[in-house]
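What follows is a short report on a single structure.
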Amino acid sequence: MAETIKCIIIDDEPPAIKVLETFVGKMKGIELIASATDALEGLDLIKKHEPQLVFLDIQMPDLTGIQLSKMIGETTNIVFTTAYAQFAVEGFQVNAIDYLLKPIAFPRFIEAVEKVKKKISTEIQPEIIDSEDYFFVKTDGKNRFQKVKLDDILYAESIKNYVVIHTEKEQLVTYNTLKKIQQSLPEENFIKIHKSYIIALNKIEKTDNFEVWINGKDLPLGDTYRTEFFKKINAKKL
């Protein structure tokens, strides 16, 4: 079964948000995570939820949709929504999937969502090849993949639109999200300790309430992840 597309709506006009919320509710395969009437609030929501799709108004106070789109990163698909057709060219210059002109018709909305579904389905993402001990990640170059043994992983680090997988021998850089990498790791052996870090539990050297040490490097332990982290630690405590 195809993965449900998680989306966020950002528009400074509540009636416009309501229209899109209604449209999303009518479709299968797409789920609304949150809505925002402020661009900066919307940016925080995107960082928190990592949606696959954002419906983004262009004309907003303080920060335009075009400006905001340049802060989101290429792993999030953007469909612009606006009442001004003259912004279409500028919208596509920042690699938007589609451009919906208000008032938005439902058939046109469906067409935009289908474009996003098609793009997501054709993207190459890391998949577990053997559930026991390894997977492959895409590196630089067309169809270039690197085998990663689970036992070799120290931790994975998110840096903008990339993830750096730190192993005992090397650092592998892959164009991806930390969320997708986490889905390819067994949860009994790996845990997220910060919005930017996933670690191998058996590689921990020591920890306190704020940091975790792995291979001589201290990594931050985020407030959001502290409780779950120490549940894992306490399960192994003598």
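Over the chain, the reciprocal of the mean inverse Cα-Cα separation, the Kirkwood hydrodynamic radius, stands at 19.6 Å.
Sparse packing (at most 15 other Cβ atoms within 10 Å of the Cβ) combined with a DSSP loop state is found for the following GluC sites (Glu not before Pro) in the stretch 11-115: 74. Enumerate the residues in the stretch 10-28 having an amide nitrogen under 13 Å from the point lying 7 Å beyond the Cα of residue 83 toward its Cβ. So the set is 12-17.
Counting only trypsin sites (Lys or Arg not before Pro) that DSSP places in a loop and that have at most 11 other Cβ atoms within 10 Å, the longest clean stretch of the chain runs over 29-141. Is it possible to state the helix-based mean residue ellipticity at 222 nm for the chain, with each DSSP H run of 4+ residues giving -39500 (n - 2.57), the sum divided by total residues, to the nearest 500 deg cm²/dmol? What is it? Calculated mean residue ellipticity at 222 nm is -9500 deg cm²/dmol. Taking the longest Cα principal axis of the chain as reference, the axis of helix 223-235 is set at about 30 degrees. With contacts taken as Cα pairs under 8 Å and at least 6 residues apart, the chain reaches a relative contact order of 10 percent. In a DSSP loop and with at most 15 other Cβ atoms within 10 Å, the GluC sites (Glu not before Pro) in the stretch 158-238 are 168, 170, 187, 188. Nearest 10 degrees is fine. How inclined is helix 14-26 to the longest principal axis of the chain, computing both from alpha carbons? It is inclined by approximately 70 degrees. Placing dummy labels 7 Å off each Cα toward the beta-carbon, the span from residue 161 to residue 183 is 1.9 nm.
Every Cα-Cα pair of the stretch 5-124 was included, and the share exceeding 17 Å stands at 50 percent.
Straight-line cross-link reach from residue 28 at under 24 Å between alpha-carbon atoms covers these lysines, not counting any fewer than eight positions away in the same chain: 6, 18, 48, 102, 115, 117, 118, 119, 179, 180.
Taking every C-alpha pair closer than 8 Å and separated by at least 6 residues, the mean separation divided by the residue count of the stretch 5-124 gives a relative contact order of 21 percent. Going by alpha carbons, how many degrees (0 to 90, nearest 10) lie between the helix axis of 106-122 and the longest principal axis of the chain? Relative to the chain, helix 106-122 is tipped by roughly 30 degrees.
The mean sequence distance of close C-alpha pairs (under 8 Å, at least 6 residues apart), as a share of the length of the stretch 134-235, puts its relative contact order at 18 percent. Centre-to-centre separation between the Cα atoms of the stretch 34-76 and those of the stretch 170-238: 28 Å.
Laboratory data are not the source of any read-out in this text; all were calculated from the coordinates shown. All values derive from a computational prediction rather than experimental measurement. As a convention, Cβ positions derive from the backbone with ideal geometry for all residues, glycine included, and neighbour counts pool all protein chains shown.
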